[in-house]
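Trainee: If you scroll down you'll find the structure; I have some questions about it.
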Amino acid sequence: MASTIGETGKGTKSTQSGQSGAKKLKKTKEGTSVEDKIETKDDEGSITDDIRNADFYHGLIPKTDAEALLKKEGDFVLRKTEHNSGVIVLCISVKTDGEKVKHFVINTDTNKSYFIDPAHKETSVSNLINFYKSSKTPLSAASNAKLKKAIERPPWGINHDAIFIVKKLGQGAFGEVYLAEYVSEKGRERVAVKTMKGEASRDARNKFLKEARMMRKYDHRNVVKILGVAVHEHPLMIVMECCEGGAMCSYLKKNGKTMPMKEKNRFVAEAAEGLAYLEKQQCIHRDIAARNCLLSGKANTVKISDFGMSDDKAILHDDTLEKVPVKWLAPEVLQDRIYSLKSDVWAFGVLVWEIYSNGAEPYPGLTRLQTRAKIVLTDYRMKMPDDTPGEIAKIAIQCWEKNADKRPSLSGILPDLKKLADK
Ligand SMILES: Nc1ncnc2c1ncn2[C@@H]1O[C@H](COP(=O)(O)OP(=O)(O)OP(=O)(O)O)[C@@H](O)[C@H]1O
């Protein structure tokens with residue numbers, strides 16, 4: 001019997017090998033000394049050499065990403081996935097004639113034979129795939145899933161080998177964020193690389209790669225661009241445009257007191273521009289704050305980043321309240337955990353407050369618990385810093401309307417904010 005995900009054949013062992021990436025010291029053309037290749041490691045129960053570099057091998061891409069690549073009946077990819085109890089296995093995902101995508105675990109036995117159905121074994125994974133493809137034998141009788149066309153890695157599938165780490169930039173929720181150089185057909189470019197530690201759970205990995213999936217949809221000068229993901233080995237990496245100016249809140253803390261007002265007004269307008277774009281895409285970001293606005297290039301252009309909590313559902317009910325940024329949350333989120341585009345509008349109001357208070361922590365002197373109580377029970381609102389331009393303060397206060405429906409939209413306030421920034 002063929003074993004699909006969730007019903008692997010008992011008494012069999014999944015494909016195994018495992019390999020460690022080499023450490024190298026490299027120099028760039030420009031003479032910049034690149035510190036190191038990050039040490040990479042394949043999963044223990046993992047890949048065999050015959051298919052390691054195959055175009056249709058997609059590494060640890062999540063099921064959702066694999067399914068999106070399979071358009072026609074018979075389209076298939078080879079990928080790694082976490083099977084029962086944290087074991088990483090190889091699997092074939094294939095579109096069936098019933099339009100569904102089915103996932104089949106590749107098993108191996110003590111003789112190092114590879115098989116889906118024990119009735120047919122081969123000496124390598126590539127031979128096994130070739131057999132099913134050329135003979136048009138279904139992977140299982142029940143599914144009638146046949147391998148017709150191997151789907152190549154999409155342009156956003158990046159090799160770990162193409163990434164050269166320069167230095168650490170910061171700490172993310174799942175692992176370090178590095179400044180790196182990415183070598184592609186286009187040449188060598190500076191990028192930021194968010195990493196995820198190897199021992200992370202399937203849940204954490206899906207969350208990490210969901211951020212990449214969300215980012216792939218967006219293309220705007222005020223939103224951090226993703227270049228791709230490296231998922232063949234550990235650590236998993238999200239490769240994105242690098243904003244060397246760092247987080248806006250750090251910049252404000254350092255330079256806020258001496259910054260021209262015009263620059264602060266521009267920060268507001270550019271953040272609003274990125275957010276109005278995301279609003280149009282129906283993206284609820286859920287973590288709008290100065291720490292998640294990065295600054296890029298000589299002009300310190302504002303770019304919205306950190307899509308780790310974002311979603312494209314119109315309204316989102318999230319009961320987990322795990323690690324939530326209480327001081328940026330709207331009353332309906334604090335009370336009922338209801339996120340919407342309008343809860344992002346509330347957070348934008350708090351971001352405006354941060355900009356004119358030079359990166360101070362919102363609700364100064366209040367704990368998270370006190371803040372929550374004052375907003376929910378007494379409708380408390382912060383006073384905008386004294387030197388906030390009047391019209392901008394007015395807009396920020398509208399963003400803090402108790403009734404979410406009465407809050408303006410980002411696209412509605414953008415023209416005024418742009419006009420004020422150009423003054
Ligand atoms: N594209 C980038 N360019 C430059 N620096 C970056 C970039 N992305 C992230 N960083 C740096 O890495 C830090 C951590 O990144 P980020 O906040 O996105 O990680 P995270 O995993 O979402 O963490 P958390 O959820 O705790 O905020 C940022 O504060 C910033 O200093």
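The values are calculated or read from the model by the stated rules, or taken from the named source; none is laboratory data. Bear in mind the structure is a predicted one, so any value in this text is a computation, not a measurement. Heads up, the Cβs are rebuilt from the backbone with ideal geometry, glycines too, and the neighbour counts pull from every protein chain shown. Heads up: the accessible areas ignore ligands, DNA and RNA and are worked out on the full protein's heavy atoms, side chains in. Shrake-Rupley method; radii C 1.70, N 1.55, O 1.52, S 1.80 Å.
Trainee: What is the diffusion coefficient of region 260-352 in µm²/s, taking the Kirkwood radius over Cα pairs and the Stokes-Einstein relation at 20 °C with a viscosity of 1.002 mPa s?
Mentor: 157 µm²/s
Trainee: Normalised by the number of residues in the chain, what is the relative contact order in percent for Cα pairs under 8 Å and 6+ residues apart?
Mentor: That works out to 12 percent.
Trainee: With a 1.4 Å probe and all protein chains left in place, how much accessible area per residue does the chain have, in Å²?
Mentor: On a per-residue basis, 47 Å².
Trainee: Turning to a different aspect of this structure: Go ahead and collect, in residue order, the members of region 255-285 whose backbone nitrogen is under 20 Å from a label point 7 Å along the Cα-Cβ direction of Arg381.
Mentor: 268-269, 272
Trainee: Per residue, what volume in Å³ does the Cα convex hull of region 109-186 take up?
Mentor: So the per-residue hull volume is 199 Å³.
Trainee: What are the equivalent ellipsoid semi-axes of the chain, built from the alpha-carbon gyration tensor (square roots of five times its eigenvalues), in whole angstrom, biggest first?
Mentor: Equivalent ellipsoid of the chain: 46, 25, 18 Å, largest first.
Trainee: Now for a separate question. For region 213-218, in order, what is each residue's ³J(HN,Hα) by Karplus, 6.51 cos²θ - 1.76 cosθ + 1.60 with θ = phi - 60°, in whole Hz (x at glycine and Pro)?
Mentor: Taking θ as phi minus 60°, the curve returns 5, 5, 4, 4, 7, 10 Hz for region 213-218.
Trainee: Turning to a different aspect of this structure: Between Ala373 and Thr123, what is the FRET efficiency for a Förster distance of 41 Å, r being their Cβ-Cβ separation, to the nearest 0.05?
Mentor: 0.05
Trainee: Tell me, what ³J(HN,Hα) does each residue in region 99-106 have, in order and in whole Hz, if you take phi through Karplus 6.51 cos²θ - 1.76 cosθ + 1.60 with θ = phi - 60° and put x for Gly and Pro?
Mentor: After applying 6.51 cos²θ - 1.76 cosθ + 1.60, I find 6, 7, 9, 10, 10, 10, 6, 9 Hz.
Trainee: Another question about this same structure. Run down the aspartates and glutamates and flag those whose C-alpha is under 14 Å from the C-alpha of Lys95, throwing out any fewer than 8 positions away in its chain.
Mentor: Cα-Cα hits under 14 Å: Asp65, Glu67, Glu73, Asp75.
Trainee: Of Met309, Met259, which has the most accessible area and how do the rest follow, probe 1.4 Å?
Mentor: Met309, Met259
Trainee: Still on this structure: In region 168-237, what is the count of Lys pairs whose alpha carbons are under 19 Å apart, counting only pairs at least 8 residues apart or on separate chains?
Mentor: For region 168-237, qualifying lysine pairs total 13.
Trainee: What is the diffusion coefficient of region 200-309 in µm²/s, taking the Kirkwood radius over Cα pairs and the Stokes-Einstein relation at 25 °C with a viscosity of 0.890 mPa s?
Mentor: Using the Kirkwood radius from Cα pairs, D works out to 166 µm²/s.
Trainee: Counting only protein heavy atoms, what percent of the accessible surface of the chain is carbon or sulfur at a 1.4 Å probe?
Mentor: 50 percent
Trainee: Can you give me the C-alpha center-to-center distance between region 157-235 and region 335-361, rounded to a whole angstrom?
Mentor: Taking the Cα centre of each part, region 157-235 and region 335-361 sit 27 Å apart.
Trainee: Another question, if that's okay. Among 265-272, 389-396, what's the highest-first ranking by average C-beta atoms within 10 angstrom per residue?
Mentor: 265-272, 389-396
Trainee: Assuming 0.36 nm per residue, please report the length gained on full extension of the stretch Asp49 to Glu152 beyond their Cα-Cα distance.
Mentor: That works out to 35.3 nm of additional length.
Trainee: Which aspartates and glutamates have a Cα lying under 20 Å from the Cα of Lys423, excluding residues fewer than 8 positions away in the same chain?
Mentor: Glu263, Glu270, Glu273, Asp386, Asp387, Glu391
Trainee: Now, a different point. Using only alpha-carbon positions, what ratio does the radius of gyration of region 316-423 give when scaled by 2.2 N^0.38 Å?
Mentor: Here the Cα radius of gyration is 1.06 times the empirical estimate.
Trainee: Mind checking which lysines have their C-alpha under 25 Å from Lys112, skipping anything on the same chain fewer than 8 residues away?
Mentor: Qualifying lysines at Cα under 25 Å: Lys10, Lys13, Lys41, Lys80, Lys102, Lys121, Lys133, Lys136, Lys146.
Trainee: How big is region 61-165 by Rg and Dmax over its Cα atoms, in Å?
Mentor: 14.4, 48
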